[in-house]
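Computed from the coordinates by the stated procedures, all read-outs in this text should not be read as laboratory data. Since the structure is predicted, the reported quantities are computational estimates derived from the model, not experimental observations. Please note: Cβ atoms are built from the backbone with ideal geometry, for glycine as well, and neighbour counts cover all protein chains shown.
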């Protein structure tokens, strides 16, 4: 048994421009070698292109894309 206390759950912070936690989580997944500013540039460029092509709210498009990619059921390892 560990003598330390349990770690408290932290909520993800929101990004500086859209004030959205989902955007910040996507940036953390994109991040290469700890360069978060580069990941923000990549994502904001993509969001800008989505805005120009579809002329809708790019956050809704991002949310729909993530919802379509995630599996509907949980997958467990068989160990």
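Take every Cα pair under 8 Å in the chain that's 6+ residues apart, average their separations, divide by the length, and report that relative contact order as a whole percent. Before the final figure, lay out each step's value.
Working: 32 pairs, mean separation 10.2, N = 79.
Averaging sequence separation for qualifying contacts and normalising by length gives 13 percent for the chain.
With a bin width of 10 angstrom, please list the P(r) values of the stretch 30-75 as percents of all Cα-Cα pairs, from the 0 bin to the one holding the largest distance.
25, 38, 31, 7
For the chain, take the alpha-carbon Rg, divide it by the Kirkwood Rh, and send me Rg/Rh.
On the way: Rg = 16.6 Å, Rh = 15.1 Å.
The Rg/Rh ratio comes out at 1.10.
Stretched out fully, how many nm does the piece from residue 20 to residue 45 gain, at 0.36 nm a residue minus the Cα gap? Provide the component values of the computation, followed by the final result.
Numbers: separation 25, 0.36 × 25 = 9.00 nm, distance 1.63 nm.
Gain on stretching residue 20 to residue 45: 7.4 nm.
Ranking 26, 75 by Cβ neighbours within 10 Å, fewest first, what do you get?
On the way: 26 20, 75 6.
Arranged by neighbour count, lowest to highest, 26, 75 become 75, 26.
Give the angle, between 0 and 90 degrees and rounded to the nearest 10, that separates the Cα long axis of helix 58-69 from the longest principal axis of the Cα atoms of the chain.
Roughly 50 degrees, rounded to the nearest 10.
Any chance you could give the angle, 0 to 90 degrees and rounded to 10, that helix 36-54 forms with the longest Cα principal axis of the chain?
So the inclination is approximately 40 degrees.
As a check on your grasp of the helix formula, calculate [θ] at 222 nm for the chain: sum -39500 (n - 2.57) over DSSP H runs of n ≥ 4, divide by the residue count, round to the nearest 500. It would help to have the intermediate numbers written out before the result.
Values: 3 runs with 41 residues, N = 79.
Taken over the chain, the calculation gives -16500 deg cm²/dmol.
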